[in-house]
Every structure is written in structure tokens, then in C-alpha cells.
Amino acid sequence: SSAKAAASAPDTMNRSRIRRWPLPFILLAALSITSTNGYHRAPCQKESVRRQFQFSDCYTPNLSPDLYLNQASFVMAHDAATGYLNINNNNNDDGSGSNSATSEYSSEYDGVDDMNNAEYEEGDNNNGNQENNAAHPSRWNTITIQLLSLYGKTQVGTVYEQLNDGARALDLRPKIYNNGTVGFHHGSLIDVPLNSITLGGLLADAKQWCNDNPTELVIIFHSELVHEAGYYGLSSQVYLEADDDDSANNGDDAANQADDANQADDANQADDVYQEADDGGQQYQYEYYYSGIAKMKEVYQENGVPYYPCDKLSGLTVGGAKEMADLSKTGGKGYLLAVDRHDMYASFCGKANWATDQLVTCHSRYYGEQQHEDGNDHEDGNNGQMSYIHCTDKTGTGVSKLSALQAYATASTNSEASDDSNELGPPADESYYPFNQIQGFWQVDATSVQIGIMHASNLLDDNRRSEVNKEMTTMAYNGEFNAISVLALDNVALNGNAMFSVLRNACGQSVMKDDDEDPACGGDLLLPNMNASHTLPLVWNIVLFVVYGGLGANGISDAISGFPIA
């Protein structure tokens, strides 16, 4: 195995040539790798981290600057802000990532909420009936929120840690509060408390990682912007002076590339733009912005992070995107930018491939003796006995679940191109959809949440026990996706670096220092040795026993019923 690992070193030319080298030369080559023309994950001491990389020293080459951005492959941390749930953190955290550089799964659940420590109003206990839901609405509302918070956490740790675990794209769902603070939510499932993280605090963590890893491009994707005041909080507009390049930074050549490709669209929006001159003849341009977008622009500007509308990315190369994302323009280091459509909901800059009638959840139920092939709910007249299907049952019902998710993921990129949001497949209009998302995680609906909680599970545990990240990485390595733009994962702490290594080392994605011969890439390299854990930490089992045992099945059903899932 040492010889095979050495064959993956960046100083080698190709795998077939190395196979003819004597073993001492192979070992010497592995020990002599000091390439700086790429990314070296730090720290790289632990075996659980090193074995996820296909090159030694936790190395990957840089993305090719000439690669079109919509052809570059990114690992995206799905609902990245949920990583801040149930951890000891504050907005002044320097983002050093020193507490969990390797994100060992045995410590992932440290600091989870103690569900029985919720504080209730004194009036709830007047009649002494602790088990009466109707008599204790505050108690049950608190438990419901905490249950969903416990269940709906999709990532582990800060975005610094998630980036260190292989993510290069962050999926954020902003929520604007009435006091003007920008926080985050996970659909209708949970809000991320403001005392856990705000947009400004998250940007500080992301900027720190970019400072420590200045060759890497990181993209923040917004979607599903909500406001504490509801629709009316989002629909209002403000008239602001427009930035020269519609971003937080000064204009640059990269933005002009996109401008040339979008002149027709700009002309159609001319009615929304107003110009006036001051007494000295200086021209100022003003535009309407939705108030939510204006607020986020303010936060990004304060933090020196570029924030662009989607159309600025159309037709860009990786090199052009890096020019737009260059933090040195605002005194920083590295490459970081945020993007959305700048519409009322800060919509995703790509095709999401969220087909509501085809979702594959981890937990479902069926009636009768025969299990359906897609592994989802089919209530055949309710004539048979109800049974459950779980993705975590890897030798039983979970097999059909995994097959269904694999089919869903491959359809997201291998099907015929279409801009229909209800059809899986790549976008037909790549200028409007610069990115295409592959959802490599278990999706959720109200039924799956209820069943998952009743069976003492949660999204992180479902991800771990089903080994879905490992399966998706193997699919990517085997070339089962026609193209990979943005591959979204839950729990990047578990094998996220393996997926990152496979995507970055795919043929045509990256460049190496030695250009004399084509370096090994894709299937010429070995599949990463991925981690697997099948036991929950003791503290987690205790929490689940106390929480779910105390509620019981009826209490869980009452707590979840009527709660919508987005």
C-alpha cells in the first residue's frame, strides 16, 4: 500500500511509469514531495485525515485558472450555518479551527443541548400536570424547537472547520431579523440562534480560513432568504447608489467579462437605473434593491467580502472568478465571494435539482408485505401492516433507499438538459444557471422527520450510519456523473476531504507544477481510503435516551404535527 500511495505523489509523471520504479525510489519520491503549487491541508498529522487524500502530505493541485467556472467542481456544505448549532461559539471567534482540525466523529456531538434543561414559565406548572401538552404550551414549544434543532443539524463545526474538511462552497439560508441582524435558518425546520452565529461572524471564520489557505477559491451561495416580518419584510425596496461592478469591491476585468456577455439583460433593466450628476459633474448611478439584499450588501461591505448577482459569473473562468473574489483588495488574503440572484429571496445561482415529487428521504413507511423499489411512502389503501424503511438499514430496506438516492443524484447531471425546476437534469440555459447542484444527501419532509425522531435518529446520524458520503465519493471516482458542478453533502466532517480530493484530481480540473508530462489524474489515482463509524458516542446515546424516552411516541407526534418542512 505504501508503494501505491507514493504513486499518487504530485512529483510523479504517470502511474504506469512509476510501476516500473524500484520500491526504494518510490518511497524516496513520496518523502521528497514539497510542492507549493497547490493546497496542503493543515494540520495533516492524523491518519484519518491523510488517508482521504490521493496525494501525500494532504496535497491537491490548484484548480486550473483557464477552466470555465461552470465546469469546475466544488464540494458544498449543505446548510453550512447549522454547524454552529449546539457548539460553544461566539461571533468574536477567530476561526482558527484549532479545536477540531480533523473533525473526528467521536467528538462531533460534544456540547449538544440538554433537552431537559429548558426553562418554563411558572404559570405552566400551576395544575402540576407535567405531562399535559395543552397545559404546558411553552414547555412543548421549547421541546419541539430543541428537538428540531437536534434533528436538523446537517454540519459539524464552524465554516472554518467545514472548509478544512473539504468544502469549497457554503450553502447559506439567510434570515433577516427586525432589528437588522442577519442570521440563518434551515427552511421551516429550525432557525440558527443569533447567539450561535450571525452573517458577520460566519464571514470572519471564512475569511480566516482563506487567509490561512490563500490559493483556494471559496464561494458562498445564498438561497431562501426570509425575514422575521414575513413577506412584507422582503418585498420592500430601497434606492441605493450602485457599486461600479455591483459588488462590495472596486471594478475589475473579471466583472467586465461578465458585463460584455450580459449587455442585453442590462438593457432590459434600464428602467430600474437612475443617474444624476452633482454640481461638479460627477455621475452617480442609483438602483432599486430589495431591502433584504441591501441589508446583506451592507454586511458584506463592512466585512470586505465581494457580493455579486448571478449574472456577473456567466462566462467566467476560474481565474476570472478569483479576480472578483480577491480579498487583497480590501486588505485581506485569499479568495472569497458570495452570490445570489439579488431577487427578493436571494435565490440560488444555479439549478437546485430539488424535485418535490421525487425526493428520497432516509425514513419512510409503507403498508403491506412488499417493499416499493423507490423506498418512499406508498399507502396502498392502508390494507396491510405499516412498516418502516430506513436508509441506515444497510443490509435490508436501506439498500433500496441508497439505490433511489443514487438514481436521483445521477439524474441531476446525466438527464437531458432542462430549465424546468421540477425535472432533474442539468440546466439548458447555462448563462442563467451558472451552476448545477447534485444533492448527495438524504432529503427531508414532514413524515421523514417524524419517523426519524421516533426512531431516535437525526440527519448527522443518518448520514454517518448510511455511509452516504462514502457512496457519493465512490460514484464520483468511478465517473458515474457526466459532470459535477456543485455536489452538496451533509456532514462534510465525514469523508468530505475524500470527495474534495476526488473532484480536484479529476482529469482536466487542476494544474500541477510540472508541465512536462500529463500528471496522474482521475482513475489513474487510487480511491481514497474513507472513514466509517458505526457507533454513537456514549454522551449522544444518553441524550437520546433521556429526550426520546421522556417524550414517547405520542409526544413526538404531537410536537411534530403541523410543522412544515421546506
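The values are calculated or read from the model by the stated rules, or taken from the named source; none is laboratory data. Because the structure is predicted, anything quoted here is derived from the model rather than measured. All accessible areas refer to the heavy atoms of the entire protein, side chains included, with ligands and DNA or RNA removed. Shrake-Rupley method; radii C 1.70, N 1.55, O 1.52, S 1.80 Å.
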task: Step through the residues of the range 332-339 one at a time and calculate ³J(HN,Hα) from phi using the Karplus curve (6.51 cos²θ - 1.76 cosθ + 1.60, θ = phi - 60°), rounding each to whole Hz and writing x for Gly and Pro.
output: x, 8, x, 9, 8, 8, 10, 9
message: I'd like the accessible area for ARG365, computed on protein heavy atoms only with a 1.4 Å probe and all protein chains in place. Round to 10 Å², please.
response: 60
- prompt: Between VAL305 and residues 5 or more places away or on another chain, which pairs have amide H atoms under 5 Å apart, with H built 1.01 Å from N, and which residues are they?
  reply: none
message: I'd like the Karplus ³J(HN,Hα) series for the range 179-195: coefficients 6.51, -1.76, 1.60, θ = phi - 60°, whole numbers in Hz, and an x wherever there's a Gly or Pro.
response: 7, x, 6, 9, x, 9, 9, 10, x, 7, 6, 8, 9, 7, x, 5, 7
- prompt: Taking amide hydrogens as modeled 1.01 Å from N in the peptide plane, which residues meet the under 5 Å criterion relative to ALA428, leaving out close sequence neighbours?
  reply: SER418, ASP419
- prompt: Among rounded, prolate and oblate, which fits the range 392-504 when a ≥ b ≥ c are the square roots of the eigenvalues of its C-alpha gyration tensor, a/c under 1.5 means rounded, and a/b larger than b/c means prolate?
  reply: prolate
- request: Round to the nearest 10 and report in Å² the accessible area of ILE484, as given by a 1.4 Å probe over the protein chains' heavy atoms.
  value: 20
- prompt: Near the amide H of PHE74, under 5 Å away, which other amide H atoms are found, from residues 5 or more places off or on another chain, if H is placed in the peptide plane?
  reply: VAL486, LEU487
